[in-house]
Amino acid sequence: MKALVFDSGSIISLVLDNLGWILKPLRLKFNGDFYITNEVKKEIIDKPLTSKRFKFEAMYNKEFLDNGSLILAEEELTVETNRLLRLSNSIFKIGNEELKLFQRAEVESLALVKTIRADALVVDERTLRMLIEEPYNLRDLLRKKLHRKVVIDSSNLKEFQKIIGDVSVIRSSELLVMAFELGLLDKYADGDKKELLDGVLWGVKLRGCSISSEEIERIIKLEGF
């Protein structure tokens with residue numbers, strides 16, 4: 001089954017940049033399914049619906065479920081999520097104090113990727129992506145940020161890695177590059193596709209996607225500009 005699993009932040013980055021609409025044509029082109037978990041639904045729809053400030057945004061997000069752009073996963077993920085949440089939040093320590101870095105929604109999304117063997121996890125937040133791809137670099141980043149000696153519990157890290165296996169991670173920025181290459185964004189170009197690509201990538205960067213300015217420059221060059 002071809003599938004991508006979306007964390008809350010990746011959807012929010014697109015929505016705040018007025019690009020949530022690309023989900024449906026991208027899903028059709030992908031010829032698979034785009035999933036969210038119950039915890040992600042709570043974060044982007046259920047909880048915001050109770051807030052005057054974010055109520056309309058929640059209604060807007062609900063449309064992605066209503067029109068089939070996103071699918072709410074039906075798998076039972078509680079046990080696996082609890083296990084991954086316990087492990088991920090006990091990998092990094094300062095002395096005997098565990099650093100609680102990860103939230104339930106993002107870890108539940110990771111659990112779904114493993115359960116349904118999805119092609120990738122779509123997550124914009126840097127911390128979870130670094131835990132999956134480069135945990136020792138994350139340790140170094142935490143040391144620099146906290147000005148403390150952060151250590152890794154190797155046994156918990158190994159158990160976490162054994163459970164999740166080989167997980168591919170992408171960001172909303174990669175989805176936007178795909179949309180750009182498919183011509184989905186051409187209506188905004190006004191004759192200058194380089195500026196269009198630069199604009200949409202900086203848009204999601206400034207709205208939470210962990211992509212560096214150097215990466216944006218590299219993508220623009222790779223696209224031939």
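Among the residues examined, Ser69 qualifies as within 19 Å of Ser109 (Cα to Cα), in contact with a strand residue (DSSP E or B) (Cβ under 9 Å, 6 or more places away or on another chain) and in a loop (DSSP other than H, G, I, E, B).
Counting only residues that are assigned to a helix (DSSP H, G or I) and of a type outside the set (Val, Ile, Thr), segment 191-208 holds 11 of them. Check whether at least one residue in segment 88-100 is farther than 20 Å from Leu138 by Cα and in contact (Cβ under 8 Å) with a residue 40 or more places away in the chain, and report yes or no. Scanning segment 88-100, I find no residue that is farther than 20 Å from Leu138 by Cα and in contact (Cβ under 8 Å) with a residue 40 or more places away in the chain, so the answer is no. For the condition in the same structural domain as Asn82 (by TED's automatic domain parsing), hydrophobic (A, V, I, L, M, F, W, C), buried (at least 17 other Cβ atoms within 10 Å of the Cβ) and touching a residue at least 24 places away in the same chain (Cβ under 8 Å), Leu157 qualifies. Pairs linking a residue in segment 112-137 that is free of Cβ contacts under 8 Å to residues at least 60 places away in the same chain and assigned by TED's automatic domain parsing to the domain that holds Val167 to a residue that is surrounded by fewer than 24 Cβ atoms within 10 Å (Cβ to Cβ) and among the charged types (D, E, K, R), with Cβ atoms under 8 Å and 6 or more positions apart or on different chains, are Lys114/Glu80; Thr115/Glu75; Thr115/Glu80. If you go through segment 100-112 one residue at a time, do you hit one that is loosely packed, with under 15 Cβ neighbours inside 10 Å and of a type outside the set (A, V, I, L, M, F, W, C)? The answer is yes, given that some residue of segment 100-112 is loosely packed, with under 15 Cβ neighbours inside 10 Å and of a type outside the set (A, V, I, L, M, F, W, C).
With respect to the conditions (1) within 22 Å of Phe92 (Cβ to Cβ); (2) at pLDDT 95 or above, Ser168 lacks only one, and its number is (1). Residue check: is Lys41 assigned to a helix (DSSP H, G or I), surrounded by fewer than 19 Cβ atoms within 10 Å (Cβ to Cβ), of a type outside the set (Gly, Ala, Ser) and under 18 Å from the mean Cα position of the chain (by Cα)? So Lys41 does not fit the description; no.
Taking Leu176 as the residue in question, decide whether it is closer than 19 Å to Trp21 by Cβ and surrounded by 13 or more Cβ atoms within 10 Å (Cβ to Cβ). Judged against the criteria, Leu176 is a match. With respect to the conditions (1) buried (at least 18 other Cβ atoms within 10 Å of the Cβ); (2) farther than 30 Å from Leu87 by Cβ; (3) in contact with an Asp or Glu (Cβ under 9 Å, 6 or more places away or on another chain), Leu185 falls short on a single one, namely (3).
The values are calculated or read from the model by the stated rules, or taken from the named source; none is laboratory data. Everything numeric here is computed off the predicted structure, so don't read it as measured data. Cβ sites come from the backbone with ideal geometry, for glycine too, and all protein chains shown count toward neighbours.
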